[in-house]
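Student: My questions all concern the structure below.
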Amino acid sequence: MKIAFIGLGNMGSPLAAHLIAAGHELNVWNRSLEKAERHKSAGATVAKTPGDAVKNVEIAITMLADDHAVESLVLPSGGVIDSMAKGATHISMSTISVDLSRRLADEHTKHGQRYIAAPVFGRPDAAAAGKLFIAAAGEKDVVEHCRPVLESLGQKVFVLGDKPEMANVVKLSGNFLIASVIESLGEAIALARKYDIDPHAYVDFLTNSLFSAPVYKTYGGIIADQKYTPAGFKLRLGLKDVRLALQAGEGVDTPLPIASLIRDHMLTAVSHGMEDMDWSSTAKLAAKNAGLE
């Protein structure tokens with residue numbers, strides 16, 4: 001299948017590599033050219049613009065940082081929508097707002113194209129290992145057409161509805177839950193440290209008893225190690241996602257008071273210069289508030 005992949009950051013680059021390994025003919029584009037050039041030796045074609053990348057492809061995949069990045073590359077004249085062929089499909093794997101996902105669906109329909117949302121759960125190491133979980137939504141026949149491609153990128157694809165924005169709601173609410181776990185772990189580990197309990201022993205106990213889920217193991221380990229750089233997922237992006245979750249809640253009159261609290265804690269961390277650290281670095285605030293180094 002001929003595919004375009006736009007956005008080769010920490011998540012996008014390993015996904016593009018999986019598509020090449022699966023035998024797809026791949027066009028790639030990235031704002032930083034050197035990240036695109038890395039895939040050239042594996043057989044990818046490096047496009048000069050996003051519009052060039054998506055011409056004559058069956059599927060175009062975007063994995064971009066935020067609404068602004070998606071809007072600036074997908075919607076303008078000469079961008080993705082303007083350059084895709086009729087009948088082609090755009091898979092948005094970015095974590096974006098519900099409103100933008102709806103707008104993309106409308107614009108693709110106007111251009112005779114198809115669109116699904118398929119954001120992912122997992123950090124860059126999971127992306128490299130093909131272990132992502134993918135939340136997909138859109139018209140059933142379009143999702144099924146794209147399923148083989150999605151299955152080559154992760155360990156399981158969950159189909160969550162016939163409207164693309166449903167997948168975005170799942171992604172935003174899921175990231176809100178992860179942020180809640182990070183906040184709780186940061187506070188709990190700070191309490192344990194105040195009683196001279198070894199944080200690694202504490203996390204080992206938690207994750208091998210009642211809290212054995214991967215999210216506790218991953219972030220418990222990071223917080224116990226106090227290893228917040230390099231970031232697997234930057235705090236500024238986590239703050240963006242919590243804000244989008246609050247926006248989604250407001251759009252349907254659903255209050256999210258814990259999300260509001262976490263947003264404020266993230267803002268405090270950003271004000272302390274932590275925006276490019278891993279988003280689990282909010283645990284540093286819990287430690288600092290407890291008087292710990």
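Every residue, every condition in (1) surrounded by 19 or more Cβ atoms within 10 Å (Cβ to Cβ); (2) modelled with pLDDT of 95 or more; (3) more than 20 Å from Arg263 (Cα to Cα), yes or no:
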residue	(1), (2), (3)
Lys171	yes, yes, no
Glu183	yes, yes, no
Ala188	yes, yes, no
Asp196	no, yes, yes
Val203	yes, yes, yes
Val215	no, yes, no
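Student: Name the helices (runs of 4 or more DSSP H) wholly inside region 174-275 in which the number of residues that are closer than 30 Å to Ala136 by Cβ, under 21 Å from the mean Cα position of the chain (by Cα) and aliphatic (A, V, I, L, M) is 2 or more.
Tutor: Correct list: 214-225, 235-251, 257-271.
Student: Step by step: first the residues of region 66-81, then only those that are within 24 Å of Val170 (Cβ to Cβ) and within 19 Å of the chain's Cα centre (by Cα), then the one that is surrounded by the fewest Cβ atoms within 10 Å (Cβ to Cβ). Which residue is that?
Tutor: Per the criteria, the residue is His68.
Student: Among (1) over 30 Å from Ala286 (Cβ atoms); (2) surrounded by fewer than 19 Cβ atoms within 10 Å (Cβ to Cβ); (3) among the charged types (D, E, K, R), there is one condition Arg114 misses while meeting the rest; what is its number?
Tutor: (2)
Student: While we're here: If I filter region 51-65 down to residues being more than 20 Å from the chain's Cα centre (by Cα) and at pLDDT 95 or above, which single residue comes out as surrounded by the most Cβ atoms within 10 Å (Cβ to Cβ)?
Tutor: Val54
Student: Could you tell me which numbered condition Met84 fails, if it satisfies all but one of (1) surrounded by 24 or more Cβ atoms within 10 Å (Cβ to Cβ); (2) within 23 Å of the chain's Cα centre (by Cα)?
Tutor: Looking at each condition in turn, Met84 falls short on (2).
Student: Same structure, new question: When both residues are 6+ apart or on different chains and their Cβ atoms are under 6 Å apart, which pairs have a first residue that lies in region 87-115 and is at positive phi, and a second that is modelled with pLDDT of 95 or more?
Tutor: Gly112/Lys86
Student: In the list Val242, Val252, which residue meets the criterion of being closer than 14 Å to Val181 by Cα and not charged (D, E, K, R)?
Tutor: So the residue among Val242, Val252 that is closer than 14 Å to Val181 by Cα and not charged (D, E, K, R) is Val242.
Student: For a quick check of your reading: which helices (runs of 4 or more DSSP H) sit entirely within region 12-129 and have at least 2 residues that are in the same structural domain as Phe158 (by TED's automatic domain parsing), in contact with a helix residue (DSSP H, G or I) (Cβ under 9 Å, 6 or more places away or on another chain) and not basic (Lys, Arg)?
Tutor: 12-21, 50-54, 67-74, 80-83, 98-110, 124-128
Student: Which residue out of Ser260, Ser280 is in contact (Cβ under 8 Å) with a residue 24 or more places away in the chain, closer than 17 Å to Ala179 by Cβ and either assigned by TED's automatic domain parsing to the domain that holds Leu172 or buried (at least 19 other Cβ atoms within 10 Å of the Cβ) (or both)?
Tutor: That would be Ser280, the only listed residue that is in contact (Cβ under 8 Å) with a residue 24 or more places away in the chain, closer than 17 Å to Ala179 by Cβ and either assigned by TED's automatic domain parsing to the domain that holds Leu172 or buried (at least 19 other Cβ atoms within 10 Å of the Cβ) (or both).
Student: Any residue in region 158-168 that is without any contact (Cβ under 8 Å) to a residue 24 or more places away in the chain, aliphatic (A, V, I, L, M) and on the phi < 0 side of the Ramachandran plot?
Tutor: Within region 158-168 (the criterion being without any contact (Cβ under 8 Å) to a residue 24 or more places away in the chain, aliphatic (A, V, I, L, M) and on the phi < 0 side of the Ramachandran plot), the answer is yes, since at least one residue qualifies.
Student: Please indicate, with yes or no, whether at least one residue in region 43-50 is under 26 Å from Val157 (Cβ atoms) and in contact with a strand residue (DSSP E or B) (Cβ under 6 Å, 6 or more places away or on another chain).
Tutor: yes
The values are calculated or read from the model by the stated rules, or taken from the named source; none is laboratory data. Keep in mind the model is a prediction, meaning the values are calculated, not measured. Positions of Cβ are generated from backbone atoms using ideal geometry, with glycine treated the same way; all protein chains shown enter the neighbour counts.
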